[in-house]
1. Answer yes or no as to whether A:Ala166 is hydrophobic (A, V, I, L, M, F, W, C), touching a Lys or Arg at 6+ places or on another chain (Cβ under 8 Å), crowded, with 24+ Cβ neighbours inside 10 Å and within 23 Å of A:Arg258 (Cβ to Cβ).
2. Only residues that are crowded, with 18+ Cβ neighbours inside 10 Å, without any contact (Cβ under 8 Å) to a residue 24 or more places away in the chain and aromatic (Phe, Trp, Tyr): list them for the stretch A:271-297, please.
3. Could you list, in sequence order, the residues of the stretch A:422-470 that are farther than 28 Å from B:Met120 by Cβ and at pLDDT below 50?
4. Determine which member of the set A:Gly432, A:Gly390, A:Gly401, A:Gly443 is in a helix (DSSP H, G or I), under 28 Å from A:Gly167 (Cβ atoms) and not assigned by TED's automatic domain parsing to the domain that holds A:Ser254.
5. On the basis of being more than 10 Å from chain A (Cβ to nearest Cβ) and either basic (Lys, Arg) or in contact with a strand residue (DSSP E or B) (Cβ under 9 Å, 6 or more places away or on another chain) (or both), does B:Arg172 make the cut?
6. From B:Leu155, B:Leu118, which residue is in contact (Cβ under 8 Å) with a residue 12 or more places away in the chain, surrounded by 20 or more Cβ atoms within 10 Å (Cβ to Cβ) and within 9 Å of chain A (Cβ to nearest Cβ)?
7. Any chance you could count how many residues in the stretch B:134-192 are of a type in the set (Lys, Arg) and within 18 Å of the chain's Cα centre (by Cα)?
Amino acid sequence: MTAPSITTTAQTQTVSRSFDLAAAFKDAAKTALIMLGLSIPILAYKTDQSGADLFLTPRWGLVAIVCAIVFGLRLLIHAFTASRSYARATPSPRQATELVDASPSAFQKASRFGIPFFLGVALAFPFLVYLIQGGLTESRYWVDLGILILTYVMLGWGLNIVVGLAGLLDLGYVAFYAVGAYTYALLSTTFGLSFWICLPLAGILAAFWGMILGFPVLRLRGDYLAIVTLAFGEIIRLVLINWVDLTNGGAGISSIPRATFFGIPFTAGEDGFAATFGLEFNGMHRMIFFYYLILALALLTNFVTMRLRKLPVGRAWEALREDEIACRSLGINTTNTKLTAFSIGAMFGGFAGSFFAVRQGFVSPESFNFLESAIILAIVVLGGMGSQIGVAIAAIVLVGGPEILRNLTFLQAIFGSGFDPNEYRLLLFGVGMVAMMVWRPRGLISEREPSVILKERKAISGSLVKEGHG
Amino acid sequence: MTAAGANIPMQSPQAASSRQPLLSVRGIKTYYGNIIALKGVDMDVNEGEIVTLIGANGAGKSTLMMTIFGNPRAREGTITYGGRDITKMPTHEIARLSIAQSPEGRRIFPRMTVFENLQMGASMNGMAHFDHDLERVCTLFPRLKERLQQRGGTLSGGEQQMLAIARALMSRPKLLLLDEPSLGLAPLIVKQIFEIIKELNEKDGMTVFLVEQNAYHALKLAHRGYVMVTGNITMSGTGKELLENPQVRAAYLEGGSH
């Protein structure tokens with residue numbers, strides 16, 4: 001009767017150690033049973049009229065769905081209360097005066113397996129989709145979605161340098177995305193330069209614009225900085241619209257040359273990709289190439305950021321976020337530090353932009369409005385400022401989530417056939433954001449990973465170290 | 001000593017020698033907007049000395065220390081360090097002249113570990129002596145050694161103060177500026193921190209300029225002291241002289257009851 005829904009197993013995994021799984025299941029099952037009892041008179045039968053006759057139409061499927069939902073919700077309540085009481089029972093490390101246990105936290109343990117797992121899934125994604133969907137053409141939708149998500153992962157990682165590491169609130173990040181996209185669009189259509197030449201050029205130009213933005217805002221912080229960067233983003237967009245001679249205005253630039261596989265075009269002809277590698281021609285080859293291209297670019301962003309964090313410049317970014325005055329009194333040139341953060345963050349935005357242009361084959365100012373900036377910033381903030389893996393998860397949730405909504409057609413069984421879950425996606429977004437801010441105000445992964453982990457871990461218990469005895 | 005004779009001669013034994021002072025402040029005027037905070041301050045710190053600056057809240061002690069570091073900048077007067085005019089230098093360049101500062105309110109980096117905080121302190125001299133210096137500050141503050149992996153924000157107030165001083169020491173300074181290291185700490189920890197300052201001065205020959213509210217401890221420790229009242233230096237002398245001075249005693253040591 002109450003078939004346990006798939007969602008419940010996922011929820012139980014997030015539950016903390018002290019959570020009594022069996023008891024929670026039992027209680028949830030009881031609740032579902034009560035629901036079943038209640039549904040028999042209320043939901044199970046529907047009266048239908050056909051002419052003069054009255055029928056009873058059984059609706060056991062609906063009953064099952066409702067019971068499953070009740071079961072899941074009950075379990076969710078248990079999970080929440082358990083994790084809340086667990087959080088209360090364990091002292092926050094932020095308040096600890098005793099030595100905090102230096103052994104890796106649950107998150108660190110999970111990430112040791114989680115990161116290779118995610119990476120593996122990302123690498124194998126087109127093949128997995130191919131196997132599941134049973135054909136290249138059928139998997140187009142999923143590969144497309146993968147490309148979209150990875151673009152936002154990359155943008156999130158790029159913005160993470162500025163917002164997450166250096167602590168400079170940037171609401172106009174999409175400007176650099178636009179600079180990158182138009183760099184490729186203009187250079188390739190006017191001078192016929194190839195993607196591989198334009199890619200670094202787009203990065204350099206975006207970094208240059210990052211510096212130009214950086215100079216006037218050096219003295220600003222917080223809200224004021226946010227407003228100026230917001231204005232900068234709008235200025236770039238308005239210039240793109242109004243400088244018709246160069247950018248073709250609101251109509252955009254179309255028929256941008258598509259990327260080639262290191263010189264081999266993705267065409268059906270003799271010298272095309274498919275013919276060269278002895279494959280049957282399929283448009284999906286190009287999509288899969290794009291998928292791996294954006295994956296490589298995103299991983300490059302991640303790799304560079306992780307390396308920079310361990311270098312003096314990366315440490316200076318983080319120190320700048322923590323305390324600007326202390327930074328200056330330690331001899332750190334805050335001007336240069338801010339400018340490097342802006343320009344390196346912008347550079348990755350530029351890379352992503354030129355990828356966007358080559359994938360779409362068409363750019364217009366419409367693609368670079370404030371909503372884009374807001375989504376990228378939301379990804380960084382929800383993911384946890386400065387956390388690479390958090391940003392990736394947030395990008396999957398925020399970009400992939402609305403797509404899942406499209407597929408929740410079973411909800412039509414409850415709310416009627418006119419119900420389109422996709423129309424509620426912004427509402428759900430809002431609810432999700434509020435929930436995040438209540439339960440995880442510092443983002444999904446708020447723990448900051450130290451850039452240096454010392455080999456020897458001395459576990460000296462707090463009781464041995466008395467106050468005032470050095 | 002008569003009331004008029006409260007002006008103790010400015011010259012200390014060290015200053016009387018032909019050597020140039022390490023840090024010399026001449027006629028410094030600092031403004032916050034239109035409000036004058038320092039009204040023409042003269043002060044010297046000689047090499048190898050501990051010099052303390054005491055005064056009431058709002059007298060301008062911290063302003064003087066910050067002005068030496070170029071933030072806020074002095075509108076008039078000159079500051080020379082080791083014979084070099086640093087009045088108009090940007091803060092981060094002053095910090096590279098082997099002057100280190102432990103600013104008021106500790107200002108450690110709370111989300112970074114103790115180890116990373118110390119790395120930040122060493123970053124300006126290119127981490128060349130990092131391991132050696134780390135060992136040294138760990139000997140001075142064994143408490144920090146146990147907590148190298150811990151986030152700065154999770155330390156207690158006394159430990160944060162130790163970290164702030166240790167971070168300043170990582171740049172191998174000749175002159176150490178300390179702004180109220182005893183602020184908000186238990187007497188036992190204050191004593192400990194002052195002992196460490198003394199040790200730094202005696203063993204390593206470090207010059208220390210100490211801004212303090214805790215006049216008794218500061219004057220006992222210091223070779224020389226200055227008293228600041230509303231933006232002016234009103235008295236100066238050796239630590240002992242100032243401790244015995246009735247005006248200083250009345251204003252800063254006995255709760256102003258005289």
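The values are calculated or read from the model by the stated rules, or taken from the named source; none is laboratory data. This structure is a prediction, so every number in the text was calculated from the model and none was measured. A quick note on method: Cβ atoms are made from the backbone with ideal geometry, for glycine too, and the neighbour counts reach across all protein chains shown.
1. Answer is no for this residue.
2. Hit for the stretch A:271-297 is A:Phe273, nothing else.
3. Once the filter is applied, which keeps residues that are farther than 28 Å from B:Met120 by Cβ and at pLDDT below 50, the stretch A:422-470 yields A:Ser461, A:Ser463, A:Leu464, A:Lys466.
4. Matching residue, one of A:Gly432, A:Gly390, A:Gly401, A:Gly443: A:Gly432.
5. So B:Arg172 fits the description; yes.
6. B:Leu155
7. Total satisfying the criteria: 4.
Results for (1) crowded, with 20+ Cβ neighbours inside 10 Å; (2) within 12 Å of chain A (Cβ to nearest Cβ); (3) not acidic (Asp, Glu), shown as yes or no for each residue.
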{"site": "B:Ala128", "(1), (2), (3)": "no, no, yes"}
{"site": "B:Asp133", "(1), (2), (3)": "yes, no, no"}
{"site": "B:Ile165", "(1), (2), (3)": "yes, no, yes"}
{"site": "B:Ala186", "(1), (2), (3)": "no, yes, yes"}
